[in-house]
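Visitor: Shown below is the structure under consideration.
The values are calculated or read from the model by the stated rules, or taken from the named source; none is laboratory data. Keep in mind that what you see is a predicted model, and the values were worked out from it rather than measured. Here the Cβ positions follow ideal geometry from the backbone for every residue, glycine too, while neighbour counts run over all protein chains shown.
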Amino acid sequence: MTSSVAPPPRGFDVGRIRADFPILRRTVRGRPLVYLDNAATTQKPQAVIDAISRYYTEINANVHRGVHQLSELATEAFEEAREKVRRFFNAQDGRGIVFTRNATESINLVAHAFGSSRVGRGDEVLISAMEHHSNIVPWQMLCGRTGASLRVAPIDDRGELRLDELDRLISDRTKLVAVSHMSNALGTINPVEEIAGIARRRGARVLVDGSQAAYHMPVDVQALGCDFYAATGHKLYGPMGIGVLYASADAMEQMEPFLGGGDMISSVTFEKSTWNEPPHKFEAGTPDVAGAVGLGAALDYVTSIGLRAIASHEQELLEYATRALETMEGVRLIGTARRKASILSFVMDGVHPHDIGTVVDREGIAIRTGHHCAQPVMDRFGVPATARASIAMYNTRADIDALMAALSRVRQLFG
């Protein structure tokens, strides 16, 4: 973990930010809500809630298919959201931004649309040992269909990717390297730009799972040098059910449609169909227009605060919480990478993580317990599960103090 960071800018007012999130005013089990489960999903600011409500009350209509005014307005709002996503990730143009349901669907889209035509028997797909199941299972399925092999780059005891091993494992047979930008179970931030450079020199494509990273730090897909970047709206302070896939122009040209249906076609006869231009070629059927509008509002909100300011605030809290956990008897942190963000996974001697989560919930504190859809990570560290507290822009030192008090209560109960 980075040893020190600059304090948040003076303009970063966490109290004002918290006031923008109505759910933070509620109580849980008679206590003020302390929400530390942000790696699972973030809460939504009023601006996002209002944008979705306004869409449904003022312009709801199907997009790309009508000449009436509401359809035109809905189409304009939908494509405006795409442009906001493009700017947020600094993609070359909107044709490289595909709306999906979530990052999982984005990764599966690549596995089918790119992998099925570009990966064959004898080829290899390389992933890391810290991946979420969503960046493991689609590649296992692809390899099962095609006869390719799945290879895994190891991580060390800190939870850092072994770049020397990754370099060794990439060969001329490697067609795709798929890695997380930031681990959901460990908080490790991977050197994606360096990984992409290694892969490109061997002629391999690179997919980055940005589900965790995108709401903690600025992401520039062109600077990263990746071919694909997957993200999900509900972790970006946006609604559930909307995701994003960025694909570079040349990678997009090598992809066949994943789903068939309306809007992804140029023409249809009983003998033959021809495909629409990207990104519509990959957006079959009626999209989640309200979700896209809500995501656009979320990106506006995050941008107005500034991701660098958010990262500084969150890093200060991470360091504060790390110091507190390290001084608690019987607690062991899982994941101590020198470069990490937001996430504290830990175990407590003699206490199952589910019991930790149950006790702190009684204090109104929401954390996550389990394997976090990263069972190979748990196996690597020899634990069945961890308790995980994860930080967002609206969290405070008081939230961390409340968690520590609740963990002291856990220790009292379980000796």
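Visitor: Give just the number: which of (1) touching a helix residue (DSSP H, G or I) at 6+ places or on another chain (Cβ under 7 Å); (2) not in a loop (DSSP other than H, G, I, E, B) does Ser267 not satisfy?
Guide: Going through (1) touching a helix residue (DSSP H, G or I) at 6+ places or on another chain (Cβ under 7 Å); (2) not in a loop (DSSP other than H, G, I, E, B) one by one, Ser267 breaks only (1).
Visitor: Here is a list: Gly370, Gly350, Gly357. Which entry is without any contact (Cβ under 8 Å) to a residue 24 or more places away in the chain, among the small types (Gly, Ala, Ser) and not assigned by TED's automatic domain parsing to the domain that holds Met182? Please lay out each step first, then the result.
Guide: Details: Gly350 fails: without any contact (Cβ under 8 Å) to a residue 24 or more places away in the chain; Gly357 fails: without any contact (Cβ under 8 Å) to a residue 24 or more places away in the chain.
It is Gly370.
Visitor: How many of the residues in the range 160-187 are β-branched (Val, Ile, Thr) and over 18 Å from the mean Cα position of the chain (by Cα)?
Guide: Start the filter on the range 160-187 by keeping residues that are β-branched (Val, Ile, Thr), which leaves 170, 174, 177, 179.
Restricting the remaining residues to those that are over 18 Å from the mean Cα position of the chain (by Cα) gives 170, 174.
Number of matching residues: 2.
Visitor: When only residues in the range 364-415 that are assigned to a helix (DSSP H, G or I) and among the basic types (Lys, Arg) count, which is modelled with the lowest pLDDT?
Guide: Arg411
Visitor: Additional query: On the given criteria, is Asn108 touching a Phe, Trp or Tyr at 6+ places or on another chain (Cβ under 8 Å) and within 25 Å of Val177 (Cβ to Cβ)? Spell out the reasoning first.
Guide: Numbers: touching a Phe, Trp or Tyr at 6+ places or on another chain (Cβ under 8 Å): yes; within 25 Å of Val177 (Cβ to Cβ): yes.
Considered against the rule, which asks whether it is touching a Phe, Trp or Tyr at 6+ places or on another chain (Cβ under 8 Å) and within 25 Å of Val177 (Cβ to Cβ), Asn108 comes out as yes.
Visitor: On to the next question. Find the residue count for the range 259-277, including only residues that are loosely packed, with under 11 Cβ neighbours inside 10 Å and in contact with a Ser or Thr (Cβ under 9 Å, 6 or more places away or on another chain). Before the answer, list the steps.
Guide: Here is the first cut: in the range 259-277, the ones loosely packed, with under 11 Cβ neighbours inside 10 Å are 267, 269-272, 274, 277.
Among the residues that remain, those that are also in contact with a Ser or Thr (Cβ under 9 Å, 6 or more places away or on another chain) are: 267, 274, 277.
Final tally of qualifying residues: 3.
Visitor: Another question about this same structure. Go through the range 188-237 and report how many residues are under 12 Å from the mean Cα position of the chain (by Cα), of a type in the set (Gly, Ala, Ser) and not in a strand (DSSP E or B).
Guide: Adding up the residues that qualify gives 5.
Visitor: Is there any pair linking a residue in the range 242-261 that is closer than 15 Å to Thr274 by Cα to one that is of a type in the set (Ser, Thr, Tyr), with Cβ under 7 Å and at least six apart or on different chains, and which?
Guide: Within 7 Å, the pairs are Glu256/Ser117.
Visitor: Given Arg332, Arg339, Arg380, Arg388, which one is surrounded by 16 or more Cβ atoms within 10 Å (Cβ to Cβ), under 18 Å from the mean Cα position of the chain (by Cα) and among the basic types (Lys, Arg)? Can you show your working first?
Guide: Details: Arg332 fails: under 18 Å from the mean Cα position of the chain (by Cα); Arg339 fails: surrounded by 16 or more Cβ atoms within 10 Å (Cβ to Cβ); Arg380 fails: under 18 Å from the mean Cα position of the chain (by Cα).
None of the other options fit; the residue is Arg388.
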